[in-house]
1. Quick one: the Cα spread of the stretch 52-200 along its three principal axes, in angstroms, biggest first?
2. Please give the charge dipole size of the chain, origin at the Cα centre, charges +1 on K and R Cβ atoms and -1 on D and E Cβ atoms. Round to the nearest 20 debye.
3. Testing the spin-label approximation: label points 7 Å from Cα along Cα→Cβ at SER137 and THR367. State their distance in nm.
4. For the stretch 414-428, in order, what is each residue's ³J(HN,Hα) by Karplus, 6.51 cos²θ - 1.76 cosθ + 1.60 with θ = phi - 60°, in whole Hz (x at glycine and Pro)?
5. If you stretched the chain out fully between THR28 and ASP374, how much longer would it get, using 0.36 nm times the residue separation minus the C-alpha to C-alpha distance?
6. Hey, rough spin-label estimate for LYS439 and LYS175, points 7 angstrom out along Cα→Cβ, what's it come to in nanometres?
7. Looking only at Cβ-Cβ distances, which cysteines of the chain have no other cysteine closer than 4.7 Å?
8. Quick one: compute the contact order of the stretch 140-222, relative version, from alpha carbon pairs under 8 angstrom and 6+ residues apart, as a percent.
Amino acid sequence: MRAFPVIIIWIKETLPLGLGDGQLFTWTDGLKRKDWHDYESIQKDAMRSGKGEHGKPYPLTEEDHDDSAYRENGFNIFVSNNIALERSLPDIRHPNCKHKVYLETLPNTSIIIPFHNEGWTSLLRTIHSIINRTPDSLIAEIILVDDFSDREHLKEKLEEYMVRFAKVRIVRTKKREGLIRTRLLGASLARGEVLTFLDSHCEVNVNWLPPLLNQIALNHKTIVCPMIDVIDHNHFGYEAQAGDAMRGAFDWEMYYKRIPIPPELQRADPSDPFESPVMAGGLFAVNRKWFWELGGYDPGLEIWGGEQYEISFKVWMCGGGMYDVPCSRVGHIYRKYVPYKVPSGTSLARIRNVAANLCVDSKHGATGTELRLDICVKDGSERTWSHEQLFTFGWREDIRPGEPLHTRKFCFDAISHSSPVTLYDCHGMKGNQHWSYRKDKTLFHPVSSSCIDCNPAEKKIFMNRCDPLSETQQWIFEHINMTVLEKFNSKASS
Ligand code: LR7
Ligand code: MN
């Protein structure tokens, strides 16, 4: 059902700068609508000047560019520290957004922000931008959920700082949970009618919230996402993503992608909300009751990733819809690399040789290089994503270095029954990249009917005629997620 404005033409002609404050408009559906812009805050933003203001790139010197600036957060924290916490942003919405009216009565929302070791100024700028650009009446509370951070500034100092904001609550997980269970903790405590999730390094833009809440008010079985703008990880310049409004999708590796809206689905008014099959993950609003009717997130999801598909599929399968809203824009700092550690045992494993007591190592592993053995990285409580001794067992029955969502696109590859094992661009067509892990602990290569063997003294890894009794051909998978290994082996002969 669509509603049409009764007096919209008159408005545009007489009030070119937007609708007058406090005016109400009754549409044909009988619901009252109003202009939710906060002209005072817009005015304040317009008058600001300084480095990084209006979302302009911060002028970088050589020194500011040093790698140490990126190490802790994956983005340049020096730049973040040098631009104002309340900096202004450019209004890059479609011009039609300036004239849109939304329901006079909108549901309120709990804004939930999970964070793990977030930078001080990037976290604070997220909160300040929300406070400055959101109608107070729509915020039930802002829940900061600390996922067991160990940085000092996120402890008492953060609590002391947030005292100035009556609506901010800080809650903390009791152990490292990962972003999914951290969001769930926030959601379980939330009291607002709507849950709005944001990452801990965002800046919300002008009038971002009313268009999201409006869509949910019209149909509560709706998940809505803002347009996600890019805050550059070097200079913090603010701009739209390449191509701007696109639909969410994913490829066969389950990598999130954005693809153009096909012409037949394009809206007459490009500023109107449009359907999107899957969301990016971090920034969205959902009716609280409906979120729990959907089952929330699967609490078995670890640390990072995948949850955006789970929730997106459930929305569609449960008779709901998912929309991207062009008149709502939120900036997000896209990191240069993932800075945080992952507790061991959460994901996929290293591969240790029984005879050598050494591990397969993909160090210096570019495409075309030979795999080698190396001393097993010490069992600590944590590892980094980029760990060279972590491997993923793909559903195509190939083996690749890295974590499932951060894999490098090289696969174990062998050209014959006596060749070295190399890393080569994954082709996903089995053949030379097809492996199985057998009960006798051998790593079998069906195409050559041979097994992975090694020379402990030279640390070399090569193919050989299978000899399950030889310990140099026996490999142990450590810290493995058993479900993944069972799936990987479902077709393996033993
Ligand atoms: O162990 C962790 N615990 C956490 O609380 C790891 C992370 N976190 C927090 C973290 O502080 C941040 O606030 O969780 C949030 C997301 O983590 P990021 O910022 O490291 O993730 P990302 O921005 O690289 O990745 C995107 O995909 C993720 C996994 O699927 C999440 O859904 C993120 O929210 C999501 N970000 C966005 O959708 C913003 C746009 C980027 C894209 C695509
Ligand atoms: Mn993020």
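Readers should treat all values here as calculations from the given coordinates under stated rules, not as data from a laboratory. Everything numeric in this text was worked out from a predicted model, so none of it was measured. Every residue, glycine among them, receives a Cβ derived from its backbone with ideal geometry; neighbour counts consider all protein chains shown.
1. Ordered largest first, the stretch 52-200 gives principal extents of 51, 45, 27 Å.
2. 780
3. With each label point 7 Å from Cα toward Cβ, the separation is 5.8 nm.
4. Karplus-based 3J(HN,Hα) across the stretch 414-428 equals 9, 8, 7, 6, 9, 8, x, 9, 10, 9, 9, 3, 5, 10, x Hz.
5. 117.4 nm
6. Roughly 3.3 nm, to one decimal.
7. Lacking a cysteine Cβ partner under 4.7 Å: CYS202, CYS225, CYS318, CYS454.
8. Normalised by residue count, the contact order of the stretch 140-222 is 34 percent.
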